[in-house]
Amino acid sequence: MILLLLCRSYTVHMLQRSPITTQKVVFTAAALTLLGVCALAYEAAGARQALAVLIGGFAGLALYHASFGFTAAWRRVVTEHRGAGLRAQFLLILLTAAVSFPLIAYGERLGWPVGGFVFPFGVAAAIGAFIFGIGMQLGGGCGSGTLFTVGGGSTRMVVTLAAFILGSVLATANLHQWNRLPALPAYSLVNEFGPTLAFAATAVVLGLIGAATIWLERRTHGEVAPPTQTLSVLHGPWSMALGAVMLAIAGILTFIVVGRPWGITSAFALWGAKAFQAVGIPVETWPYWTWQVSALETSVFMDTTSVMDFGVILGAMIAAGLAGKFAPVWTLSKRDLMTAVVGGILMGYGARLAYGCNIGAYLGGLVSGSMHGWLWLLFGFAGSVVGTRIRLRLAMR
């Protein structure tokens, strides 16, 4: 409630201080819509659901101000041998895991039960992560990247998001068949070794990969690129390090408030299924949805992942308004349109096969101590390399 009042007070202050501009209108509209989504989430599922909206909004603001994406960071490792973005991701993972591992291990004893994302990983998940990696490079953004760039005013990413949703729901039509393929059993480092050793092992592996990127960068360029600087906490841009810290706070708050890691793409499948139902396609008869009938029948504001996604979009829109950078481009080339559609469909389909995207599967898996997160990283990065090569052939920036 305090956060809502502060947001409202700042909106009024901005309008009183100077004449209305397009950016102030964007900020005000996004802030008021965020308040509205909070109210609807509260009405649907209570205070925790409303808090989830605000956490999503905070994450969206951090993603936008830090330009914190996974897609460009992975691409720069391949094309430029620059690893700052990848190392920032590792910082985010370690900061989150430092809190999430003990919460997963001891939370129930303390009266605050928390669950992780620990899943088996097999042929279907490997294929899914690989085609997701291709799709994220063609589409121009990962799960979180798609949401925050949509909020930032990218019309191309609106197309990517629509295709992402379509690919997600299409995958649910035959996911039960994919799941029959061979898979390794679920394996949790936290359960097997405890939170301390699990964190140490995670830190060592990420540290070694990070050191390898530093070696590669120095070998190619003679030095490591200087870190980006934060110019303004309110208006941005932020350094990647500050972005990692803020997103770690959002991830930890998600564990505390929601009881699980941050996820994104399961909501896309739900939105697509509801749209299919609206036009008469009986998705409720598909095996994937037979055990989620209540989600299809109830308000989307009952779904925590959905309201957090709404928050991410609106938080990024608030950040774009604060930065004075909300400026949609209304014309798209045929190449941009086609790659957005193909990339979005690949990401949507791949995410369903592989338990999620870069947030739910990669980040969510690693901060849960799950081996499937490491395997997702391996196959997702391999797909990203292929996608990067395709981008170069298509002369995409």
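Values in this text are rule-based calculations from the coordinates and carry no lab data. Predicted model only: the values in this text are computed from it and were never measured. Positions of Cβ are generated from backbone atoms using ideal geometry, with glycine treated the same way; all protein chains shown enter the neighbour counts.
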What ranking of 394, 161 emerges when the number of other C-beta atoms within 10 Å of each C-beta is taken as an exposure proxy, fewest first?
394, 161
Assign one of three labels to the range 262-338, namely rounded, prolate or oblate, based on the Cα gyration tensor with a ≥ b ≥ c the square roots of its eigenvalues; rounded applies when a/c is under 1.5, prolate when it is not and a/b is larger than b/c, and oblate otherwise.
oblate
Whole-Hz couplings from phi, Karplus 6.51/-1.76/1.60, listed for the range 261-276; x for Gly and Pro:
x, 5, x, 10, 7, 4, 5, 4, 4, 5, 4, x, 5, 5, 5, 4
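Going through the range 76-125, which trypsin sites (Lys or Arg not before Pro) have at most 13 other Cβ atoms within 10 Å and a DSSP loop state?
Filter output for the range 76-125: 109.
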Sorted by chain and then number, the residues having a modelled amide H within less than 5 Å of the amide H of residue 122, at least 5 places away or on another chain, are 184
Any GluC sites (Glu not before Pro) in the range 151-249 that lie in a DSSP loop and have at most 14 other Cβ atoms within 10 Å would be 223
Förster-model FRET efficiency, 45 Å R0, residue 181 and residue 224, C-beta, rounded to 0.05
0.60
Using only Cα atoms, figure out Rg for the range 309-397 and give it as a multiple of 2.2 N^0.38 Å.
1.34
Take residue 395 and residue 232, extend 7 Å from each Cα along the Cα→Cβ direction, and tell me the distance between the two endpoints in nm.
3.7
Could you pull out every one of the lysines with an alpha carbon less than 28 Å from that of residue 24, ignoring same-chain neighbours closer than 8 positions?
325
Residue by residue through the range 128-141, the couplings from Karplus 6.51 cos²θ - 1.76 cosθ + 1.60 with θ = phi - 60°, in Hz, x for Gly and Pro, are x, 5, 5, 6, 5, x, 5, x, 5, 6, 6, x, x, x
When the convex hull of its Cα atoms is projected in every direction, mean area for the range 20-393 (nm²):
18.9
Listed residues 122, 139, 222, most fluctuating in the chain (Gaussian network, C-alpha, under 10 Å)
222
So what is the relative contact order of the range 86-178, in percent, for Cα pairs below 8 Å that sit 6 or more residues apart?
13
Taking loop as defined by DSSP and a crowding limit of 11 other beta carbons within 10 Å, which chymotrypsin sites (Phe, Trp or Tyr not before Pro) in the range 185-257 fit?
none
Given contacts defined as C-alpha pairs under 8 Å and at least six residues apart, what's the relative contact order of the range 276-370, whole-number percent?
7
